[in-house]
Amino acid sequence: MPVGVLGTGKYVPDRILTNQELETMVDTNDEWIVTRTGIRERRIVAEGQATSDLCYEAAQIALANAGITAEQLDLIIVATITPDMAFPSTACVLQEKLGAKQSAAFDLSAACSGFVYGLANAANFIATGTYKYALVIGADCLSKITDYTDRNTCILFGDGAGAVVIGEVPEGRGFKSFELGADGTGGPLLKIEGGGSRNPASQSSIDQRMHYIYMAGAEVFKFAVRIMGNAADEALRKAGWDKGDIDLLVPHQANMRIIQASLNRLEMTEDKCMINLDRYGNMSAASIPVALAEAEEQGRLREGDRLVLVGFGGGLTWGASALVW
Ligand code: ACO
């Protein structure tokens, strides 16, 4: 039996951080942010909220939509770069919150590509018969690692979680291909240096602002424009599809100009693309699954539709998948 999505769910915090508010925090303006990125506002977690709290809300909705209980889950994968803590994994914290007693659980680190990496992992566990039901979540609280004195990065990021339950689906539906990749030579372009074994947390690491995201924006932009098209093309080729076959593109929501470049490369128009970065900004691993869940909420997904998911992120990494809804 093929493997596919049985249910989706999303959660974003209530608090909205607008471009106008950012104007009071750093030397920027709404016009610059909108024209250079397409972002108008983003969601920020409440004091005390952490990534597993967002995961829990999204997971409950995905489980309900899939029509299964947490006890039926065999596997939980949480893709995140902002775990609750170094360990135990956020997936284990979530397993306890959900009461998913039968489930294996682990976190996956592939930055913004993490959700597609997680899907590929879980789909293979199910295809081999190892497991029946898997919960795959992309979730990040980027506000916790954003330097709100750095105008190059703080305008981009937001918080959220998107979840899917995957399992066996009827013939003709489900995942048709995965394309995953990495280029470690680009690692220094997008990173948090502090807090790991190389630079453990110390007064010096704090003073050097090593616990915040560092990003070489222009270089990452060039990489993203190239790799989003390449990865989507490769997923299409492996699925035996042409560009014209895509009913809906669900791209990582980093920058409207990057999405537009992907659409040009795929010879597609905006009406066949999920775009929500104007409301949420870049939520890293959460961007693609939140967009997917919103597509379903908005009735934009019909049985038999051909979807392409595609993202890129720190690592550098990329991931794409072609699937029939
Ligand atoms: N407001 C006003 N001016 C700004 C701002 C701002 N917020 N940020 C930068 N500028 C200025 C720069 O200082 C620069 O001024 P200068 O010419 O006087 O030096 C000018 O605007 C142009 O800067 P660029 O960096 O060339 O602007 P660009 O058009 O490349 O846009 C951006 C910058 C939006 C960051 C873009 O490069 C981008 O989107 N890059 C990819 C980011 C991305 O996708 N990252 C993935 C992160 S995923 C993760 O880590 C979780």
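No value in this document is a laboratory result; all are computed from the given coordinates. All values reported here derive from a predicted model rather than from experimental measurement. FYI the Cβ positions are ideal-geometry reconstructions off the backbone, even for glycines, and counts take in every protein chain you see.
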Please compute the net charge surrounding GLY240, taking Lys and Arg as +1 and Asp and Glu as -1 over other residues with Cβ under 15 Å from its Cβ.
0
Under a no-solvent Debye model with one identical scatterer per Cα of the range 1-86, what's log10 I(q)/I(0) at q = 0.13, 0.15, 0.24 Å⁻¹?
-0.64, -0.77, -1.17
Based on DSSP H assignment, which helices of the chain show an axial Cα extent of at least 18 Å together with a mean Kyte-Doolittle hydropathy greater than or equal to 0.0?
51-66, 114-127, 217-239
For the pairs LYS132/LYS176; LYS101/LYS132; LYS222/LYS243; LYS144/LYS272; LYS132/LYS243; LYS191/LYS238, note any where the Cα-Cα span goes beyond 25 Å.
LYS144/LYS272; LYS132/LYS243; LYS191/LYS238
Return the calculated 222 nm mean residue ellipticity for the chain, to the nearest 500 deg cm²/dmol, obtained by summing -39500 (n - 2.57) across DSSP H runs with n ≥ 4 and dividing by the residue count.
-9500 deg cm²/dmol
Relative contact order of the range 252-325, defined on C-alpha pairs under 8 angstrom at six or more residues apart (%):
28
How charged is the neighbourhood of ARG40? Take every other residue with its Cβ under 13 Å from the Cβ of ARG40, and add Lys/Arg as +1 and Asp/Glu as -1.
-2
From the mean inverse distance of alpha carbon pairs (Kirkwood) and the Cα radius of gyration, derive Rg over Rh for the range 161-247.
1.14
Mind ordering 273-279, 58-64, 260-266, 7-13 by average Cβ neighbours within 10 Å, highest first?
7-13, 58-64, 273-279, 260-266
Please state, to two decimals, what the Cα-based radius of gyration of the chain comes to when divided by 2.2 N^0.38 Å (N = residues).
0.93
Neighbours of TRP325 by Cβ distance under 12 Å: Lys/Arg at +1, Asp/Glu at -1, summed charge +1
Normalising by the residue count of the range 158-254, find the relative contact order in percent from Cα pairs under 8 Å and 6+ residues apart.
29
Sequence-separation-based contact order of the chain, relative, with Cα cut under 8 Å and 6+ spacing, percent:
26
Do any GluC sites (Glu not before Pro) in the range 40-73 lie in a loop, going by DSSP, with at most 14 other beta-carbon atoms within 10 Å of their beta carbon, and if so which?
GLU47
